[in-house]
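The values are calculated or read from the model by the stated rules, or taken from the named source; none is laboratory data. Note that this is a predicted model, so its numbers are computed, not measured. Neighbour counts run over all protein chains shown; Cβ positions are idealised from the backbone, glycine included.
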Amino acid sequence: MISRGERVANYVILSVFAAFALYPIIVILTAALGPADSGGTSGLANFAAAWEIGRFGSYLRTSLAVSVFVVVVSVVLSIMSGYAFGTMRFRGRSLLFYLFMLGIMMPSEAVAVPLYFDLRSLGLIDTFWSITLPQVALSVAFGTFWMRAYFLASNRAIVEAARIDGASSWRILWQVLLPAARPAVVTLTVLVFMWTWNEFLIPLIMVTSESLRTAPLGLAFFQGQYTSGFTLLAAGSVIVATPVVIFYLFLQRHFVRGLLQGAVRE
C-alpha cells in the first residue's frame, strides 16, 4: 500500500511535469488572445484574422482528407497484417516481420529523397497520393507491430473454440478478436492521426501546389509570407493544433485503456 508521503511525492512530481508541459501552451494561448503586433486586432479577432490571411480553411480540409485516408487504410492493413503475424504460422514469417520493422527503424528523413524520385518516375509528385501513400507505408510498419503484439496476447481458447465451430480465419478476426481489440485499435487510430496531422517533411517535399498544402505546411508558409508577428502566428498555431486536441479528448478514455492494457506487450 502506498504511504501518504509517497502519494504526496508522486503528486508533486506529476505537478512539476504538468507545469513544464502546460507552460508553452499557456504562453501560446496568451499570445494568441493578446493585442496584435500591428495593433489592429486582439482577442478572438486574432483567430479570424489568422484564418482569413493564412487561408487555413483550405489547409485544414487537406489535412483532414489526408489524415482520414491514412488512418483508415493504415489501421485496416495493420489489423490484417498484425493478425497474420500474431496468430498464423507460415514460411518466412519472422523474416517478413523484421522487414516490416525496418519501417519503424528507418526515419522518414532517410527515405524522403529517394522516395521523391520514385514517385516522380510514376508521375505522382504534387498529387494527393504523394502525401498519403508514404505515410500509409510508415504507419503500417508501426501498426503491424502494435496489433501483432495484441493478437499474440489474445485468448487462444476463444480462437480455438471458433475454429472448432467452423469459423474461417477472416471471421475469427473481424467477429471474434476485433471487438475485444477496440482499445488497441483506438489507440493506434489516435497515434496515426496525430502523426499524420503533424507530418511536415513529406508534404513539404512532395507537393508544390497551394491547394495540396497541409495545415502544418501552411502554418510554415504563413509565418514566412503573410506575417512576421508573433500574435497571428500563435493564433494560427492554435487553429492548426485544435483538431488534434479535440480528436484526442474525444477518444481519450479508449486511448488510455489501450495503453494500460499493455497493447505492446510481447
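Quick notes
- Among the residues of the range 83-134, those that are over 17 Å from Leu201 (Cβ atoms) and either touching a Pro at 6+ places or on another chain (Cβ under 9 Å) or among the small types (Gly, Ala, Ser) (or both) comprise Ala84, Gly86, Gly92, Ser94, Ser121, Gly123.
- Screening Ala220 with (1) more than 22 Å from Ile202 (Cα to Cα); (2) modelled with pLDDT of 80 or more gives one miss only, at (1).
- Remark: Gly143 falls outside the filter, which requires a residue to be of a type outside the set (D, E, K, R), without any contact (Cβ under 8 Å) to a residue 12 or more places away in the chain and within 30 Å of Ser211 (Cβ to Cβ).
Residues checked against (1) more than 28 Å from Val176 (Cβ to Cβ); (2) at pLDDT below 90:
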position	(1), (2)
Arg61	yes, no
Val76	no, no
Arg91	no, yes
Ile125	yes, no
Arg156	no, yes
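- Subset of the range 125-139 (residues that are β-branched (Val, Ile, Thr) and not in a helix (DSSP H, G or I)): Ile125, Thr127
- Among helices (runs of 4 or more DSSP H) entirely within the range 140-229, having at least 1 residues that are among the hydrophobic types (A, V, I, L, M, F, W, C) and touching an Asp or Glu at 6+ places or on another chain (Cβ under 9 Å) singles out 201-206, 215-221.
- Evaluation of Phe100 against the conditions (1) farther than 23 Å from Thr189 by Cα; (2) crowded, with 18+ Cβ neighbours inside 10 Å; (3) not acidic (Asp, Glu) shows that the sole unmet condition is (1).
- Of Leu212, Leu188, all but one fail to be within 23 Å of Ala65 (Cα to Cα), touching a Gly at 6+ places or on another chain (Cβ under 6 Å) and at pLDDT 80 or above; the exception is Leu188.
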